Amino acid sequence: MLIAVTSLKSGGATTVAAALAAIWPEPACLIEADPAGGDLGGWHRLPDAPGLASLANACRTGQADLTEHATRLPFGVDVVLAAAGRPQASAAIGLLADTEPARWAKERPIVLDVGRLEPGSPALPLLELADMVLVVAGGDVLSLLRVSLADIPVRRAGLVTVGPLAHPREDLAGLLPLPLVAEMPWDRHSAEVIAGTRRPRRAWTRVGLPATARALAATLATPTIPAGGDPR
């Protein structure tokens, strides 16, 4: 199972991706594949090696063992960290996208944080490989307008909103180019846990954004129930 998380403008993708990885029904691995550079290593003061670059290089010669390239974050998620710099991250993403996903996405469920959805992004081939692409946006009027005008270049995509919806959910079906698959609350506590500015308590995934993400993860992890796209 390969789930990609992206956004149209800024913010939200990393937090949602990390929350999904934290509450997935079976142990998942989060991979930072944002061409603008990874955030989690800097937030938690961790080196990016081993990480995305070492994984991409290993995949060029054969199947890679994700555990050799992942780092366990304080809130309990294994993550393949990307370099903070755009050139280094983009180069590693390009290498990874050129390899068969069976070399790196076979051992366990994968959540890809691909950052902002931009034309010409080296992460676009990874979106095409995903079983589901989650587009994260605010629930406010301007964010929903951007979604309505967006050209989403992938199939099997669904919208995840963060914060209160500006319009009733039933009114959005004819306005948006992709289905709304989850409404998540703005959750400062969980965002701070993921960003490394708050220590995670044992039950941090039972409330707020992670609790809402749990229902979405359960649906996505069930192959017989498509979530806004074609089953694979």
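The values are calculated or read from the model by the stated rules, or taken from the named source; none is laboratory data. What you are looking at is a predicted structure, and each value in this text was computed from that prediction instead of being measured. A quick note on method: Cβ atoms are made from the backbone with ideal geometry, for glycine too, and the neighbour counts reach across all protein chains shown. These accessible areas exclude ligands, DNA and RNA; they are computed on the full protein's heavy atoms, side chains included. Shrake-Rupley method; radii C 1.70, N 1.55, O 1.52, S 1.80 Å.
For the reader, a short list of remarks on this structure follows.
- The lone exception for LEU220 - which of (1) among the aliphatic types (A, V, I, L, M); (2) open to solvent by 50 Å² or more (accessible area, probe 1.4 Å); (3) modelled with pLDDT of 90 or more; (4) under 20 Å from VAL111 (Cβ atoms) it fails: (2)
- Here segment 106-139 is the region considered, the condition is being over 23 Å from THR219 (Cα atoms) and of a type in the set (D, E, K, R), and the residue that is most open to solvent (accessible area, probe 1.4 Å) is ARG116.
- Checking each residue in segment 43-53 for being touching a strand residue (DSSP E or B) at 6+ places or on another chain (Cβ under 7 Å) and either β-branched (Val, Ile, Thr) or open to solvent by 30 Å² or more (accessible area, probe 1.4 Å) (or both) picks out only LEU46.
- Residues of segment 102-130 satisfying the condition of being closer than 22 Å to LEU209 by Cβ and acidic (Asp, Glu): ASP113
- Within segment 92-104, the set of residues being open to solvent by 40 Å² or more (accessible area, probe 1.4 Å) and at pLDDT 90 or above comprises LEU95, ASP98.
- Filter pass, ALA56 being open to solvent by less than 20 Å² (accessible area, probe 1.4 Å), in a loop (DSSP other than H, G, I, E, B) and either more than 16 Å from GLU107 (Cα to Cα) or at pLDDT below 95 (or both): no
- Exclusive hit being open to solvent by 50 Å² or more (accessible area, probe 1.4 Å) and not in a loop (DSSP other than H, G, I, E, B), set PRO87, PRO74, PRO27: PRO87
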